[in-house]
Every structure is written in C-alpha cells, then in structure tokens.
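These notes concern the structure reproduced below.
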Amino acid sequence: MGHSPKGHLTLEGPITQERLHRIIRRSGAIRAGATIDPDRRRKEYENEGYSGIMYYSKTQNMTVAEDKLFEIRVPSANDQAKSNAQSEPGYVYVIVGERVITGGGGSSWWSSCIIL
C-alpha cells in the first residue's frame, strides 16, 4: 500500500455558494465535501497528499449544500455521491489541484485545473 507525501493546500474563502458551484462545474475539482472547520480539514487533506486550492463557503445546512455540490459534479476522489454531513451550520468546500500517492512500485495522482 502506498503513502501520501504531505501536500500544500491554500484556503480561499469564504466565497459565495454560487461561486463554489461555478468552480465545481468548470474545474473538474478532485474533491468536495462539508466540514465545521475548513482549516482543520485542509490540514488533514495536506497530510493525505492533496495540493492546490481549497475553496470554501459558509452554509446553514451542510447536508443540503453538500448534496447540491454532488448534483453538479461528484469529484474523482470522492467515495460517495450523497452527503453524510450533519444538517447543521458549517462549510462546504471544493479542492482544485492534485493528490499524489507514492509507494508500491510507482506513484499515482489526480489533478484538475480551473477555468473561471
């Protein structure tokens, strides 16, 4: 099994949900989700090898907002296509960038770009 070298994610936000929807629609984002703490989630993803920009938006209902993102597009690194977040205030996010996993005789990565 491979391991992920530490990545680097830049937080961008909070931005409007409309802008977040444009980003996931146009970018081929590699990951999307919901969290109550964007900075903590950013650090977790960096430890998993994600690099790029993590755009985030405030929401009154993480479940509804995350499901809306998944209606637009389910990013390649997401395991689910339906929210498992709590129905409470928090943030939704989209990661545009790459994830690198090394080990096991090679490396693999996902990447995306954004056109605004």
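Could you list all residues from the stretch 22-51 that are acidic (Asp, Glu) and over 16 Å from GLY90 (Cβ atoms)?
The answer is GLU46, GLU48.
Right, GLU18: among the acidic types (Asp, Glu) and in contact (Cβ under 8 Å) with a residue 12 or more places away in the chain or not?
It is false that GLU18 is among the acidic types (Asp, Glu) and in contact (Cβ under 8 Å) with a residue 12 or more places away in the chain.
A quick yes/no check of all residues on (1) within 14 Å of GLY13 (Cα to Cα); (2) free of Cβ contacts under 8 Å to residues at least 12 places away in the same chain; (3) in contact with a Lys or Arg (Cβ under 8 Å, 6 or more places away or on another chain); (4) surrounded by 22 or more Cβ atoms within 10 Å (Cβ to Cβ):
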| residue | (1), (2), (3), (4) |
| --- | --- |
| GLU46 | no, no, yes, no |
| TYR55 | yes, no, yes, yes |
| MET62 | no, no, no, yes |
| LYS82 | no, no, no, no |
| GLN86 | no, no, no, no |
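Count, please, the residues in the stretch 14-26 that happen to be of a type outside the set (Lys, Arg) and surrounded by fewer than 22 Cβ atoms within 10 Å (Cβ to Cβ).
6
So in the stretch 21-56, with the set limited to residues that are touching a Phe, Trp or Tyr at 6+ places or on another chain (Cβ under 6 Å) and assigned to a helix (DSSP H, G or I), which one is farthest from PHE70 (Cα to Cα)?
PRO38
Only the coordinates and a few stated rules stand behind these numbers; no lab work does. Fair warning: this is a prediction, and the values are worked out from it, not measured in the lab. Glycine also receives a Cβ, built like all others from the backbone with ideal geometry; neighbour counts cover every protein chain displayed.
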